[in-house]
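Okay, structure first, notes after.
Throughout, read-outs are computed from the coordinates displayed, never taken from laboratory work. Computed from a prediction, not measured in an experiment: that's the story for all the values here. We place every Cβ from the backbone using ideal geometry, glycine too, and count neighbours over all the protein chains shown.
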């Protein structure tokens, strides 16, 4: 998503040049006080470097992507405060519940950055709630739908020759990703469709655990490993249904990619996930593999439903989740804080 945002920002109508000026990652995944002190020290040095760099570039605004309690923006907030330039955040969150515990200091810094921003773009309705509740005076809270880094849709997949071919795409990681795979494995047991085949794209440290989940299904499940973009695109074209429960996904770019290709999908009805899915037939109650199985059965057995979902998904992506639409939203807001 970060690359997509940089591309969209570069399409601004103000003549502004977009530069990646800092690659410091202020992330602590373990709640380590020592690591957080080290990161703050690095951030202080980075701020000084950037303030010196600005003398040559005269920046007119600063944009930070994904400020939250494990990775607060310790750099952009400080730079903007010193330079008195507009401060813009994309996918930023407020987590008052994290103001105690191992990330308390980082959470406070993330919240302070969010409250100081001139514009905060939210990607899902779940994020909007807290942002609106803690909105600062004169701050704008603006919806920026997650989007694909492309101006148009890929060719519509042909439906012939793809009967009962299921597809799942996700990294093989412990935690939420592995839980999504566990739900898929449970779902397969309840399918009434007799001649299905599941292809799985992805890799990672939990691959042995993923392999164990699907071993009982033998050659009806193929783990293809990590594929390049052309390989993934071909997988979308060859599939009948995309399935991914989406456990604790912020939103899930794979849902956008599948719908853009015209691939019907099934996911669990979860916050964030539901924001990026067009058809109500795609969403099933969380934690109910029988419902997920029935939804898959319905799609593969009903060509009319499959076609309707395919076209609805493409229309949805075309209207809300492509590069040009998002670039316009970003450019319009930059114009208000930067001017012409």
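Computed values, structure above
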{"read-out": "FRET E, pair residue 27, residue 304, Förster distance 56 Å, beta-carbon r, rounded to 0.05", "value": "0.75"}
{"read-out": "The chain: antiparallel DSSP beta bridges as a percent of all, rounded to 5", "value": "5"}
{"read-out": "The chain: most fluctuating residue of 148, 265, 24 per GNM, C-alpha cutoff 10 Å", "value": "24"}
{"read-out": "Extension gain from residue 151 to residue 40, taking 0.36 nm per residue of separation minus the Cα-Cα distance", "value": "36.1 nm"}
{"read-out": "In nm, spacing of pseudo-spin labels at residue 20 and residue 125 (7 Å Cα→C-beta vector)", "value": "3.4"}
{"read-out": "Full-extension gain in nm, residue 139 to residue 230, via 0.36 nm per residue minus C-alpha separation", "value": "28.6 nm"}
{"read-out": "Semi-axis lengths (Å, descending) of the ellipsoid that matches the C-alpha gyration tensor of the chain", "value": "39, 23, 17"}
{"read-out": "Inter-label distance for residue 97 and residue 2, nm, one decimal - labels placed 7 Å from Cα along Cα-to-Cβ", "value": "2.6"}
{"read-out": "FRET efficiency, 1/(1 + (r/R0)^6) with R0 35 Å, evaluated for residue 51 and residue 211 via beta carbons", "value": "0.10"}
{"read-out": "Helix-derived mean residue ellipticity, 222 nm - over the chain, DSSP H n ≥ 4, -39500 (n - 2.57), to 500", "value": "-14000 deg cm²/dmol"}
{"read-out": "Top of 249, 38, 179 by mean-square fluctuation, Gaussian network on the chain, Cα under 10 Å", "value": "38"}
{"read-out": "Segment 128-206 versus segment 256-290: alpha-carbon centroid distance in Å", "value": "8"}
{"read-out": "Residue-span extension gain [residue 332 to residue 60] - 0.36 nm each, minus C-alpha spacing", "value": "96.4 nm"}
{"read-out": "Sequence of 142, 241, 79 once ranked by neighbouring C-beta atoms within 10 Å, starting from the fewest", "value": "142, 79, 241"}
{"read-out": "Pairwise centroid distance, computed over Cα atoms, of segment 91-123 with segment 7-78, Å", "value": "15"}
